[in-house]
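Undergrad: Supplied in structure tokens, the structure appears directly below.
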Amino acid sequence: MQIIPISLPTPFYIGPVNVYLIGEDPITLIDTGPKTKSANEALHEGLRKARIRVSDIRRIVLTHAHEDHCGLARSLRDEAKDAEVLVHAWENGHRVGRLEYEEHRNLLVRAGVPPDEIETMRKMYEGVRQYADSFEDHEYGELRDEAELEFETGTLRIVHTPGHTPGSCSFVREADRTVIAGDCVLKRITPNPVLSPDPIDPSKRFPSLAEYLVSLARLRTFAPTLVHGGHGEPVHDFEELFNRYFRAIRERQAEVIRLLPKTGATAWDVAGQMLPVADDVHRFLAVSEAVAHLDLAHSEAKIAVEFSDSKEVYLPKSGH
Ligand SMILES: [Zn+2]
Ligand SMILES: [Zn+2]
């Protein structure tokens, strides 16, 4: 069972995205690239080189529902004459824009993002959304943790690896400990724990960074020999990456705690200090990152939090 990577251009800052073709029955594509003409052409070219026609695709599996990964899912499904589309149930960004959720707005308010900035972020996402078609509930099947995707000559185990998004999944071929990890494992950058409502209780925030650490530890139990990420080159030394990520996360946490003045600060204040010149997209990602680190530090009892004016104000604890 051969895993064939295909690199596709994206209009996003992150650069090209990797999608993966399993060219044996049932022919399966893991991720699709964004809905752009150039990604679509590059994908068709990649499939042609592998001697696969779009009409041969039976299964479209999504690591998560970010536009650069899921954008072409609907048009490919239609072109393949009703291939099955599979995604984890906690991944609902592909149905409606993330910032259209009232819950999501509330998360930004709680993080201390000013109303005009929330409006700017919403507009920005209107722009990003054009790179993916939305799906209705009945249009996709569910990826379930621990289930297996079977192929003619092997299987891929579905491993739910939340963190970057609540419904992110990885796929493990245990025979040679190869992993397809989407944006859970990226060689050159630590993935952003994107601010999301909790899929079980949308009035709460998903504990993205705490979940992410658990996901990394879970992947580690497979002792991966090769990890294919959503962007960039594959990772051959997972152990090195695992340790580097943990170090980076701990260093970032220490920085976030250091940035808290005695009078307290919101996640928005902290984000502004971490990345003072960030543009629109990066301001949202910086808020996500600040919230994630503050949440984790709070859950580890390293800082305190108080509600003030429907905003969360984080305070250093004495001794820190
Ligand atoms: Zn992503
Ligand atoms: Zn991505």
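The values are calculated or read from the model by the stated rules, or taken from the named source; none is laboratory data. Treat the numbers as computed from the prediction; the structure is a model and nothing was measured. Neighbour counts run over all protein chains shown; Cβ positions are idealised from the backbone, glycine included. All accessible areas refer to the heavy atoms of the entire protein, side chains included, with ligands and DNA or RNA removed. Shrake-Rupley method; radii C 1.70, N 1.55, O 1.52, S 1.80 Å.
Undergrad: Kindly provide the set of residues from the stretch 254-268 that are of a type outside the set (Lys, Arg), exposed (fewer than 14 other Cβ atoms within 10 Å of the Cβ) and under 13 Å from Val313 (Cβ atoms), ordered by number.
TA: Listed by number, the residues that qualify are Pro261, Thr263.
Undergrad: Quick one: Ile57 ticks every box in (1) closer than 21 Å to His138 by Cβ; (2) modelled with pLDDT under 95; (3) open to solvent by less than 20 Å² (accessible area, probe 1.4 Å) except a single one, so which number is it?
TA: Of everything listed in (1) closer than 21 Å to His138 by Cβ; (2) modelled with pLDDT under 95; (3) open to solvent by less than 20 Å² (accessible area, probe 1.4 Å), Ile57 misses just condition (2).
Undergrad: Of the numbered conditions (1) open to solvent by 40 Å² or more (accessible area, probe 1.4 Å); (2) within 16 Å of ligand 1 (Cβ to nearest atom), Ser38 satisfies every one except a single condition; which is it?
TA: With respect to (1) open to solvent by 40 Å² or more (accessible area, probe 1.4 Å); (2) within 16 Å of ligand 1 (Cβ to nearest atom), Ser38 is out only on (2).
Undergrad: Sort out which residues of the stretch 186-220 are in contact with a strand residue (DSSP E or B) (Cβ under 8 Å, 6 or more places away or on another chain), over 19 Å from Val109 (Cα atoms) and open to solvent by 50 Å² or more (accessible area, probe 1.4 Å), and write them in order of number.
TA: Lys187, Arg218
Undergrad: Quick check, is Ile118 more than 21 Å from Asp68 (Cα to Cα), aliphatic (A, V, I, L, M) and either touching a residue at least 40 places away in the same chain (Cβ under 8 Å) or more than 16 Å from ligand 2 (Cβ to nearest atom) (or both)?
TA: Yes.
Undergrad: Show me the strands (runs of 3 or more DSSP E) found entirely inside the stretch 1-88 where at least 2 residues are free of Cβ contacts under 8 Å to residues at least 60 places away in the same chain.
TA: Ranges flagged: 3-8, 17-22, 84-88.
Undergrad: If you don't mind, there's one more thing I want to ask. Answer yes or no: is there a residue in the stretch 173-185 that is touching a residue at least 60 places away in the same chain (Cβ under 8 Å), in contact with a Cys (Cβ under 6 Å, 6 or more places away or on another chain), open to solvent by less than 60 Å² (accessible area, probe 1.4 Å) and not charged (D, E, K, R).
TA: no
Undergrad: Name the one entry in Leu47, Leu29 that is at pLDDT 95 or above, more than 28 Å from Pro199 (Cβ to Cβ) and away from ligand 1 (no atom under 16 Å from the Cβ).
TA: Step by step, each of Leu47, Leu29 is checked, and only Leu47 is at pLDDT 95 or above, more than 28 Å from Pro199 (Cβ to Cβ) and away from ligand 1 (no atom under 16 Å from the Cβ).
Undergrad: Could you figure out which of (1) open to solvent by 20 Å² or more (accessible area, probe 1.4 Å); (2) among the aliphatic types (A, V, I, L, M); (3) under 30 Å from Met124 (Cβ atoms) isn't true of Leu76?
TA: (1)
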